[in-house]
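J.: Structure in structure tokens, see below.
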Amino acid sequence: MTISSETNRSGPYPGNGVTTAFEYQFKILEPEHLQVIKTDASGVDTILVLDTDYTVNGVGDDGGGQAVVAPAPAMGTKITLLLNVPFTQDTDLENQGAYYAETVERAFDLMVMRLQQLKERSARAVTIPPTYDSATIDQLIANVLALGDKGAAIEAVAAVAQYLETVADVADDIPAVAGLTATTVTKAGEAAQSASDASGSAALSAAYANNGEDIVIPGSGGLFSAKHFMLKSKAIFDSLTNTIAGWIHAAAAKTTLNDDDEIGIADSATAWVLKKISLFNLVRYIASITGQVKISGCETVYVSTTTIQMKTGYVFFNGRRTTFGAALTKALNATFVAGAAGGMLDTGVMQASKTYFIHAVRNVATGAGDWVASLQYDPALVNMTNLTGWTVEGRVNVVLTTSGNVIRQYTQDGNDYRSANNLTEVTSSTITMADWQLVQIPVGISTEANLMMIVGANSNSSGSLSAWTDFTSGPGTMHLSVNVVSPVEMRTTGKVRTRAGSGVIRLTSSTAVGTMTYTLQSIGFNDYTVPRMNGATA
């Protein structure tokens, strides 16, 4: 950071009873470094209190920010914003300690800010032309000081200025007037001395800011300017940079990276505090902000009416890769027990006519993977009662149960589930338009339902069967229309993407003439939302 502008005050801004935000156009490093002054209609200044009368934003910004004053300053008042850095030095650089350029630069910035404060204050001081000699300045200051002692008398004279002609007629009072004149001259001399002192302070401030390297500030007892320390610090920084660069360049290259390899990083919450992160945590962070999720393998295989087998493969959730090097056989009619032949329900008992969502879980201590079945689609809602020491990584598959409370048979390839048998979901001579929850299609999520339409027509009959959802993308509509003279049965297959959050489709028939029979069968589905490398379709 640098101080690239000499601006150190903003305003005065007129109050209007409405505006509360007033801009300051200079950089501050702490909220306390901004002084807010309110001037009332009679010209009396009041220094406002931080966090009581106002708050500050834009701290650290080169272009400044705003002071937000509450309540809004009334009409006739003014708000002035000043740089107000305390004249203390808090930076402690230890001999041979760690070097942080930001710390030194901050100290320089504060030094420059203080010099800007002095410059702003000296600019408001009474000054005299540089051509005045010391004797004239001494006399002017003496006269001003003398005049200050007669302030009340001067005010009295001003109050009776309209009577000066009358006073002139009073000759006896002329000596007294002459005495007051002499006092005025004395005070003028005193004012000149004050101006000289202010001029000297301004020159000293300039020396503290601009004197070159190794040039002592006159009269300071051996102190140096900000420019001197900047040049010295730059030389140290250049040396450190070259040294560290040499170390890095000379270090041995690591060809095989490990998860626990470490990288240095500066903590953004605390200025230039050195911390470390592992390569694993770096990968996890990148994955979390990019939404990177990936699955390979890990399909289900039907084993028995209550048991499935999960194939080998890996899952990548939350920046973590969990590998399943061996197939695991799991029971859907028992609660979770780790390992092959263990139960897999998160809670409760196996239920009929349900969609169970299969989630990958990871052992916190060992990193080993396993599988849990839940009626909850969202991993965050999986019941953790039987999963102490495990984390739920994400959903991978589904398993459906029949009305007879056994596992429905499918053959899974990637994200495609092919049912063991076509199932007639609905058959009728008339199907009124409605949403249908198909028995052999998952409930609660959107999938691509693989369907067969069968339309039978008697002689001289015409009609159609339609299935669709309210999706605007993906497979969304199936339609079969029949118009015949002789009896016929026609079939067609296709895909309809079921509605998100419910898994339903909309179905209707239309008979124009004659007698029709409409049948819809389910033959499987594609679980397209699972990001499986070998089978994802969307």
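J.: So what's the Cα pair-distance distribution over the chain, bin width 10 Å, in %?
T.: 3, 11, 13, 12, 10, 10, 10, 9, 7, 5, 4, 3, 1, 0, 0
J.: Which value in Å is the Kirkwood Rh of region 193-236 over different Cα pairs? Provide the component values of the computation, followed by the final result.
T.: Working: mean 1/r = 0.0906 Å⁻¹.
Here the Kirkwood hydrodynamic radius works out to 11.0 Å.
J.: Largest first, how would 243, 52 line up by accessible area (1.4 Å probe)?
T.: Numbers: 243 60, 52 100 Å².
I get 52, 243, largest accessible area first.
J.: Calculate, axis by axis, the spread of Cα positions in region 379-538 along the three principal axes, and write the results as whole Å, longest axis first.
T.: 68, 35, 27
J.: Calculate the length of the line joining the C-alpha centroid of region 1-66 to that of region 350-405, in whole Å.
T.: With region 1-66 and region 350-405 each reduced to a Cα centre, they are spaced 57 Å.
J.: Solvent-accessible area per residue for the chain at a 1.4 Å probe radius, Å²?
T.: Numbers: 29030 Å² over 538 residues.
Counting only protein heavy atoms, the per-residue value for the chain is 54 Å².
J.: I'd like to know which of 344, 111, 432 lies farthest towards the positive end of the charge dipole of the chain, counting +1 on Cβ of Lys and Arg and -1 on Cβ of Asp and Glu.
T.: Positive-end residue among those listed: 432.
J.: Could you work out what % of the accessible surface of the chain is carbon and sulfur, using a 1.4 angstrom probe and leaving DNA, RNA and ligands out of the count? Don't skip to the end; give the middle numbers.
T.: On the way: 16180 of 29030 Å².
C and S fraction of accessible area: 56 percent.
J.: Calculate for the chain the 222 nm mean residue ellipticity that helices alone would give, adding -39,500 (n - 2.57) per DSSP H run of length 4 or more and normalising by residue count, nearest 500 deg cm²/dmol.
T.: Working: 7 runs with 127 residues, N = 538.
So the helix-based figure for the chain works out to -8000 deg cm²/dmol.
J.: Output needed: percent of Cα pairs per 10 Å distance bin for region 176-327, bins running from 0 to the one holding the longest distance.
T.: 8, 14, 16, 13, 12, 10, 8, 7, 6, 3, 2, 1, 0
J.: Give the calculated FRET efficiency between residue 418 and residue 293 to the nearest 0.05, with a Förster radius of 25 Å applied to their Cβ-Cβ distance. The partial results should precede the final answer.
T.: Details: r = 25 Å, r/R0 = 1.00.
Result of the calculation: an efficiency of 0.50.
J.: Apply 1/(1 + (r/R0)^6) to the Cβ-Cβ distance of residue 273 and residue 347, taking R0 = 45 Å, and write down the FRET efficiency to the nearest 0.05. Don't skip to the answer; put the middle values down first.
T.: Details: r = 44 Å, r/R0 = 0.98.
It comes to 0.55.
J.: How big is the accessible area of residue 93 in square angstrom, nearest 10, if you roll a 1.4 angstrom probe over the protein chains?
T.: We get 110 Å² for residue 93.
J.: For helix 101-123, what angle does its Cα long axis make with the longest principal axis of the chain, in degrees from 0 to 90 and rounded to 10?
T.: Between the helix axis and the principal axis of the chain, the angle is about 40 degrees.
J.: Order 310, 75, 350, 490 by their accessible area, 1.4 angstrom probe, all chains in place, largest first. Display every interim value, and only then the final one.
T.: Details: 310 0, 75 145, 350 20, 490 80 Å².
Putting 310, 75, 350, 490 in descending order of accessible area: 75, 490, 350, 310.
J.: Can you report the principal axis dimensions of region 336-473 using only the alpha carbons, biggest first, rounded to whole angstrom?
T.: 72, 34, 26
J.: Sequence-distant or interchain residues sharing an amide H contact under 5 Å with residue 461, placed H: which?
T.: It is 484, by chain and number.
J.: Using each residue's phi in region 244-257, evaluate 6.51 cos²θ - 1.76 cosθ + 1.60 at θ = phi - 60° and report the 3J(HN,Hα) Karplus result to the nearest Hz, with x for Gly and Pro.
T.: Result, rounded to whole Hz: 5, 4, x, 4, 4, 5, 8, 5, 6, 6, 9, 8, 10, 8.
J.: Length gain on complete extension for the stretch residue 309 to residue 462, per 0.36 nm per residue less the alpha carbon to alpha carbon distance? List each step's numbers first, then the result.
T.: Working: separation 153, 0.36 × 153 = 55.08 nm, distance 4.77 nm.
Residue separation times 0.36 nm, minus the Cα-Cα distance, leaves 50.3 nm.
J.: To test your reading of the geometry: what angle, between 0 and 90 degrees and rounded to tens, separates the Cα axis of helix 134-149 from the longest principal axis of the chain?
T.: 80
J.: If one computes P(r) from the Cα atoms of region 253-388, what percent of pairs lie at distances over 26 Å? Don't skip to the end; give the middle numbers.
T.: Details: 3267 of 9180 pairs.
In whole percent, the long-distance tail amounts to 36.
J.: Can you tell me which lysines have their Cα less than 28 Å from the Cα of residue 294? Leave out same-chain residues fewer than eight positions away.
T.: Excluding near neighbours in sequence, the set is 254, 276, 311, 330, 354, 495.
The values are calculated or read from the model by the stated rules, or taken from the named source; none is laboratory data. Source: prediction; values computed, not measured. Heads up, the Cβs are rebuilt from the backbone with ideal geometry, glycines too, and the neighbour counts pull from every protein chain shown. The accessibility values were calculated without ligands, DNA or RNA, using every heavy atom of the protein model including side chains. Shrake-Rupley method; radii C 1.70, N 1.55, O 1.52, S 1.80 Å.
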